[in-house]
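The values are calculated or read from the model by the stated rules, or taken from the named source; none is laboratory data. None of the values given here were measured: they were computed from a predicted structure. We place every Cβ from the backbone using ideal geometry, glycine too, and count neighbours over all the protein chains shown. Please note that ligands, DNA and RNA were not included when accessible areas were found on the heavy atoms of the full protein model with its side chains. Shrake-Rupley method; radii C 1.70, N 1.55, O 1.52, S 1.80 Å.
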Amino acid sequence: MEKRNFFGKDVSLIGFGLMRLPRIAGQTTDIDEAAASGLIDYAMASGINYYDTAYTYGGSEEFAGRALSKYPRDSYCLATKCPPWKLKTADDFERIFAEQLERCRTDYFDFYLVHNFAEELTRAKTNEESFEHFEKVGMYDSLQRKKAEGKIRRIGFSFHGTAALLQKLVDRYEWDFAQIQLNYVDWSGTDAKSLYDILTAHEIPLVIMEPLRGGALAALSEASAKILKQAQPEVSVASWGLRYAASFPNVITVLSGMNELSQLTDNIATMNEFRPVSGLEKELLTEAAKVYSQAGTIACTGCRYCMPCPAGVNIPVIFSIYNHYCLVKFRIPFDNGYATLGESERAAACIGCGQCVKKCPQHLPIPEHMQEINAFVNE
Ligand code: SF4
Ligand code: SF4
């Protein structure tokens, strides 16, 4: 397994994201313990030593505690995140932090992040409001205190905001690392390049999330996948995305939310014999991204941060069914998938309240998309 040195630790170039753990069939909440533990054991045996969870990943911290605590503590790095939107005072931070240690069965975190630093930090509307909340609850002081106590080794933040907010964040505070969304579609599509450049200029090393945009870049449309498959038929489409993200020199590890053994083995094979993408491969990826973008998919990663919807709309499932239609341009699977949704789960039930928009890290205009999809359903 390719490793990169991170503050004296050798960290595997692929990190295990624990947000998309396998769930019991038909459920979105209960983790399939046997399947998920099996994946962790396989990952540990294969040299993956970076594990990323969060306070708000429904059961994920508790699972990390159960699955990892049987291994020596220094054989893996544990990263978790604190949700600033749940803090009203510094005492809230203390309470959540203590709960996280207990859930994860540890007495320290190797990496600890402010979760989803963005305009949505407090469900605020502007960068300024977001920043004010971070400062008002004294979050940075709390992080520094925990670091001084040895309960946090390195402090960072995960980020879904604008370049302007990021610039302010790194100008105002010192950070050990940061976590951003970076892949070959978002590099120019959502300006991941600006975020990468700002952080690199500040010598802040990076953990990469969504290298495959929630799995979308593991499938692509037929026309875009063909570009990559023609060039290298023997490797998976997903491997291109991982190699792309890992090829940036300021990247320490690339997170992948693996919930099947086949994904894990494929990713391990990619990172065991890691080759940075060449100039020619980058050109192919740019072309594949261009063709993929023409398919008209919605940039939903399936993270479910937008849920629950007060009207009952099943936002991630609707987007998933619709995106599949955009890729295959075949109506029957869409109609069949949509028919499994109850009346209140469908796009027509959206009342346009906008609550989901404030929570979506991809900043998707969800009510507008619901109107479009409803019109498509009625065509
Ligand atoms: S805007 Fe529509 S989909 Fe979003 S939370 Fe409100 S009702 Fe649900
Ligand atoms: S709509 Fe946004 S918040 Fe909801 S699942 Fe998709 S990316 Fe996540």
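For the options S75, S320, S12, a Gaussian network treatment of the chain with springs between C-alpha atoms closer than 10 Å singles out S75 as fluctuating the most. Cross-link partners for K193 among the lysines, with Cα-Cα distance under 16 Å and sequence neighbours closer than 8 places in the same chain left out: K282.
Close amide-amide hydrogen proximity is noted between F6 and V11, each under 5 Å apart and 5 or more residues distant or on a separate chain (H modeled in the peptide plane; Pro and chain starts excluded).
In percent, rounded to a whole number, the relative contact order of the chain is 15, using alpha-carbon pairs under 8 Å and six or more apart. Taking the Cα centre of region 315-377 as reference, the dipole from Cβ charges on Lys and Arg (+1) and Asp and Glu (-1) amounts to some 160 debye.
Distance cut-off 28 Å, Cα to Cα: go down the list K81/K329; K229/K329; K9/K147 and report the pairs above it. Table pairs above 28 Å Cα-Cα are K81/K329. Entry comment: accessible area of the chain is 43 Å² per residue, from protein heavy atoms only and a probe of 1.4 Å.
The Cys residues in the chain with no partner Cys Cβ within less than 4.7 Å of their Cβ are C77, C82, C104, C300, C303, C309, C326, C350, C353, C360.
Sequentially through region 91-98, phi angles give Karplus couplings (6.51, -1.76, 1.60; θ = phi - 60°) of 5, 4, 4, 4, 5, 5, 4, 4 Hz, Gly and Pro residues having no value and appearing as x. Across the chain, the longest piece that holds none of the trypsin sites (Lys or Arg not before Pro) lying in DSSP loops with up to 13 other C-beta atoms within 10 Å covers 126-328.
Amide H contacts of G257 (H built 1.01 Å from N, in plane; Pro and chain starts excluded): G17 sit under 5 Å, all sequence-distant by 5 or more or on other chains. Residues in region 312-323 carry Karplus couplings, in order, of x, 5, 8, 4, x, 6, 4, 5, 5, 5, 5, 5 Hz; the curve used is 6.51 cos²θ - 1.76 cosθ + 1.60 with θ = phi - 60°, and Gly or Pro positions show x.
In order along region 142-151, phi translates into HN-Hα couplings of 4, 4, 5, 4, 5, 5, 5, 7, x, 8 Hz, rounded to whole numbers, per the Karplus curve 6.51 cos²θ - 1.76 cosθ + 1.60 with θ = phi - 60° and x for Gly and Pro. Computed over region 119-252, the P(r) curve from all C-alpha pair distances, binned at 5 Å from the origin, holds 2, 9, 17, 18, 17, 14, 10, 6, 4, 3, 1 percent per bin. Less than 5 angstrom separates the built amide H of D32 from those of R23, I24, all sequence-distant by 5 or more or on a different chain. In terms of overall dimensions, the chain has a Cα radius of gyration and Dmax of 20.3, 61 angstrom.
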